[in-house]
Each structure stands twice: as C-alpha cells, then as structure tokens.
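Working notes for the structure below.
The values are calculated or read from the model by the stated rules, or taken from the named source; none is laboratory data. Bear in mind the structure is a predicted one, so any value in this text is a computation, not a measurement. Note: ideal-geometry Cβ built from the backbone for every residue, glycine included; neighbour counts use all protein chains shown. We work out accessible area using only protein heavy atoms, side chains counted, and drop any ligands, DNA or RNA first. Shrake-Rupley method; radii C 1.70, N 1.55, O 1.52, S 1.80 Å.
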Amino acid sequence: MKTILVTGGYGFIGSNLIRLLLKSNEYNLVNVDKLTYAGNLSSLEDVESNDLYQFEQIDICDSAAIHSIFERHKPDGVIHLAAESHVDRSIDGPTDFIQTNIVGTYNLLQASLEYWKQLPTGDSTRADFRFLHVSTDEVYGSLSPTAPAFSEKTAYDPRSPYSASKAASDHLVRSWRESYGLPTLITNCSNNYGPYQFPEKLIPVVILKCLQQQPIPVYGKGENIRDWLYVGDHCSALETVFRIGTPGETYNIGGNNERKNIELVRKICKIMNELRPAQLPVSEQSQSEGNDYQHLITFVNDRPGHDFRYAIDASKIKRELGWEPKENFDSGLTQTVRWYLENEDWWQPILDRGHKLERLGKA
C-alpha cells in the first residue's frame, strides 16, 4: 500500500482529494498542513479516525520539518496542493505568496529529491515515486473572447502576484525534473467549486450573501469569463495523473463549463430561489422581482489586473489518460448550493471567527 504526502490537505481541494483517496483503500495518506486561515479541521472530521490517515501540522517553508516528514513516513509520492491562492489577498500582501508558493515548493522539491536519490537502485519506491504539483490556469494569463483555450503549450503570462508565484513554482518543478531527474508531474486546473470551499471565493460568497439577504458583489459588469470545474472531478483527475500520468508531463484539467461571472451569479440565485426561497419584507421587494435573490446583485469597481477570460483545453488528459469531467454546470452547481444549505455547521464558525464577506467573493 503506497504512502502519499498530501500538502494542504485541510484546504478546499486537499480535503476533497483525501476523502476520495481514502475511499479506494489503496493509500496511506499523510496530510501536511500549516493550518492557515483557509485550513479547516472540521473539513476532515469524518476521516480522523481512519487508520490510513495521519495529520502533520507543518509549514512547508520549514525545511528541517519537511525533511523530517520524509525520514519518518518514507512516502511513495507527493501530491502538492499547499498554496496561498486568493488573488485579492496577493495584491494586498504578496509576501506570503512568495514564501509559500515559491520557497515552500522549493523545500518540498529538495526534500523529495534527497529522499528519492538515496533510495537503492531497483527499489520499487524509487522506480514508482512521483511528485505531482497542482497548479492553476492563471499562469497562462488572460484570453480574449475568441482566443483558443489554454493548452499545455500556451506560453506563461501571469498578471497577479498569485499567478506569478504559481508560475515560478511550476518552473521550479520542471527544472528539478530536467536538472536532477526527479519524476515530477504538473497539472493546471480551471476554477474549482464544490463542498468545503472557503467562503472568500465567488460561489460560496454568493450563496451566503443570499442566505443573509446582503448585496452580492460582482466586479465590473460581470463580463469576465471562467471555466468552472467541480472539485470532485478535479480530484478524480489528480488521482488519475498521479497513478498513470507520464513523469515530466503537464496535464490541463478543465470542466468544459465557460460562463460569464454574471451568468454564474444569476444561476446560483435561480437555484437558491428553488431550494431556499427568500422571505423578504414587502418593502424590499420590487413588483417585477418579488422574492428573486437577483435583486441583491451589486456591481462594484473592477480590481487591478483582472484577467478577462480563462479557458482550458483538456483534450490531452482525455486522449492520453482517459479522464473527462462527469459533472455538468447545472448538476455540479446544484450539488454545491445544496451542500452549503445543509452544512451551516461548517461555514458559520468561519464567519463567526471574523471572516466577513464584504471584501471577498472575487473570481
């Protein structure tokens, strides 16, 4: 049974990935997480007693601690998700993004390399070891409305401190493959959504704003376009790449669901109207809108360097590894809205700790 280090396992994608991998009963999982503001212990309460799961509270910027993890757990591979990932936060304060996304990735690569090199030639762990680096489509920059989707050969053109730090980490991963032979893989995914997403991202913010009957902030006119990928589909793609992907290769992962932000917000409002109809005072209702949550939509000034469009060409991973998303836009979004409605005990404590929604919710 393989042992995998999963960094950032208490985050949004990480917690969903750990839950998926544990269901297979094929892996021992070591969750390495610093537990920053976005790490949530309650996201994995249901697996804490699983004999195949262990948690190590460690900062990936602590080189000595990372080396000790390899010495103690002797992993067969690494799936690296730990990252600072919120664009607005990177503009306000880029230092944490440089440290975690660049220095932290370097520490993991170096510890992986030293561990991998000391394994005996012919050892199965040495032969099968993989370092999977989970990145983003934002490293490719911005697309015009009619431009071809990002492919694995698209030149990098990051526009924010966040995307620049992720681009730098991608380059480090490739260089450790080319310079030292470390068996690495890279995935670049489109915008994720689904259960356990921290309420600073667009979809959970819209849902919670509806529940609180507060204005829903939308940048500009909401014309920016994103390709939306359900987190369960993303996690199945990561497991596929880790298991059968070719070391040295990059795989783009997309949901085949391009939507304007305003279309997405209106769709969430429509689902909310069906699943949790608003009970607004007559004084707050317009004759035309009634209790429709769409009346809460408020357009705000656009942020600096806001990329217009992201779109992923995921034909390579389908062609070479046989993966494609299972959820469409309607099914994935309905599941997500329903999850937040049914799991107030997960998100309410986050809001109670002071993570207010006013400055958040940007895509």
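Inside the stretch 59-77, residues that are within 23 Å of the chain's Cα centre (by Cα) and under 22 Å from ASP96 (Cα atoms) make up a count of 5.
Among residues belonging to the stretch 214-235 that are of a type in the set (D, E, K, R) and in a loop (DSSP other than H, G, I, E, B), point out the one that is surrounded by the fewest Cβ atoms within 10 Å (Cβ to Cβ).
Residues of the stretch 214-235 of a type in the set (D, E, K, R): 221, 223, 226-227, 233.
From the residues that got through so far, the ones that are in a loop (DSSP other than H, G, I, E, B) too are 221, 223.
Details: LYS221: 11, GLU223: 15.
Ranking the candidates gives LYS221 first.
From the list LEU208, LEU238, LEU264, the lone residue that is surrounded by fewer than 24 Cβ atoms within 10 Å (Cβ to Cβ), outside any loop (DSSP other than H, G, I, E, B) and not basic (Lys, Arg) is LEU208. Among the residues making up the stretch 154-176, those that are open to solvent by 60 Å² or more (accessible area, probe 1.4 Å) and either touching a Pro at 6+ places or on another chain (Cβ under 7 Å) or over 14 Å from HIS80 (Cβ atoms) (or both) are ALA155, ASP157, ARG159, HIS171.
In the stretch 86-107, how many residues are assigned to a loop (DSSP other than H, G, I, E, B) and open to solvent by less than 20 Å² (accessible area, probe 1.4 Å)?
If we filter the stretch 86-107 for residues that are assigned to a loop (DSSP other than H, G, I, E, B), which is where we start, we get 86, 93-94.
Still in the list and also open to solvent by less than 20 Å² (accessible area, probe 1.4 Å): 86.
Residues that pass the stated criteria total 1.
What are the residues in the stretch 290-349 that are of a type in the set (Lys, Arg) and open to solvent by 30 Å² or more (accessible area, probe 1.4 Å), if any?
First, the residues of the stretch 290-349 that are of a type in the set (Lys, Arg): 303, 309, 316, 318-319, 326, 338.
Those that are of a type in the set (Lys, Arg) and open to solvent by 30 Å² or more (accessible area, probe 1.4 Å): LYS318, ARG319, LYS326, ARG338.
There is no residue in the stretch 139-152 that is assigned to a helix (DSSP H, G or I), in contact (Cβ under 8 Å) with a residue 12 or more places away in the chain and open to solvent by 30 Å² or more (accessible area, probe 1.4 Å).
Close contacts from the stretch 218-241, counting a first residue that is among the polar types (S, T, N, Q) and a second that is part of a loop (DSSP other than H, G, I, E, B) and buried (at least 19 other Cβ atoms within 10 Å of the Cβ), with Cβ to Cβ under 6 Å and a gap of 6+ residues or different chains, come to THR240/TRP323.
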